[in-house]
Amino acid sequence: MSTAALIQIHPENPQGRKIQEAVDILRNGGVIIYPTDTIYGLGCDIHNARAVERVCQIKGVKPDKVNLSFICSDLTHISDYAKIDTPTYKVMKKALPGPFTFVLDASSRVPKHTSGKKKTVGIRVPDNNIALMLVRELGNPIISTSVRDDDEVLEYSTDPELIYEKYKNLVDAVIDGGPGQNIASTVVDVTNNFEVLREGAGDIEQYL
């Protein structure tokens, strides 16, 4: 495999040509690293089973045990892949786009290779122009799993240049959208009365 492309995209004003370059890689079954409103994510098109398998290999997890969430562009997109009742919809409408991963009952459209035998799915709509433009242009959600750091102090990699050096022989592209955060999204289990499974960058209480 050749060395990954390093695609620099301005977070406030993403250039369509560069977004398209990254989307072409995703459409061809590629794996990319990209910014979100929290940490950098490792991902691919959720409908490409072979690419999902590669993501699992890079993360060092078994596909049948995997806990992958994915990024949608908006609430309408989410309802294609998850079951959302009216009270839940109202909360999510206030909280998104934002630093949350919502665990919802999966619909039949969620590919089995992304969820194993689980009947739930984690879904994000990050407040990040680059991530949202990638999904809109691709037309499918993309896998969202964190890029972790080997550092004992920092849990997540935040410097895109260092991320590139570490992953350039494992992925097809790294999008440099500026420094990332070191706090992941807050994971909220909607199926269990909005239980917080992981404290992160978002405070769900202010939306309940």
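The values are calculated or read from the model by the stated rules, or taken from the named source; none is laboratory data. For clarity, every value in this text was computed on a predicted model and none was experimentally measured. Here the Cβ positions follow ideal geometry from the backbone for every residue, glycine too, while neighbour counts run over all protein chains shown. Accessible surface is based on the protein model in full, side chains and every heavy atom, while ligands, DNA and RNA are left aside. Shrake-Rupley method; radii C 1.70, N 1.55, O 1.52, S 1.80 Å.
Annotations
- Summing charges over all other residues whose Cβ lies under 14 Å from the Cβ of Arg136, with Lys and Arg as +1 and Asp and Glu as -1, gives -3.
- Theoretical gain in end-to-end length, Asn169 to Val61 [0.36 nm per residue, Cα-Cα removed]: 37.0 nm
- On Cα atoms only, tilt of 86-95 relative to the major axis of the chain in degrees: 40
- Rounded to 10°, Cα long-axis angle of helix 129-138 versus longest principal axis of the chain: 90
- 16 Å cut-off, amide nitrogen to a point 7 angstrom out along Arg136 Cα→Cβ, residues in region 109-127: 125-127
- Above-threshold pairs, the threshold being 22 Å between Cα atoms, out of Lys83/Lys117; Lys65/Lys90; Lys18/Lys83; Lys112/Lys168; Lys118/Lys168; Lys59/Lys118: Lys65/Lys90; Lys18/Lys83; Lys112/Lys168; Lys118/Lys168
- Percent carbon-and-sulfur accessible area, the chain, ignoring ligands, DNA and RNA, probe 1.4 Å: 45
- Per-residue 3J(HN,Hα) values for region 182-196, derived from phi via the Karplus relation 6.51 cos²θ - 1.76 cosθ + 1.60 with θ = phi - 60°, read 10, 10, 7, 5, 7, 9, 10, 8, 5, 6, 10, 6, 6, 6, 7 Hz in sequence order (x marks Gly and Pro).
- Looking at the chain, the accessible area is 49 square angstrom per residue; that uses a 1.4 Å probe and ignores ligands, DNA and RNA.
- Listed peptides 40-49, 73-82, 178-187 by packing density, highest first (mean Cβ within 10 Å): 40-49, 178-187, 73-82
- Modelled label reach - Lys90, point 7 Å along Cα→Cβ, region 191-208 residues with backbone N closer than 19 Å: 191-195, 204-208
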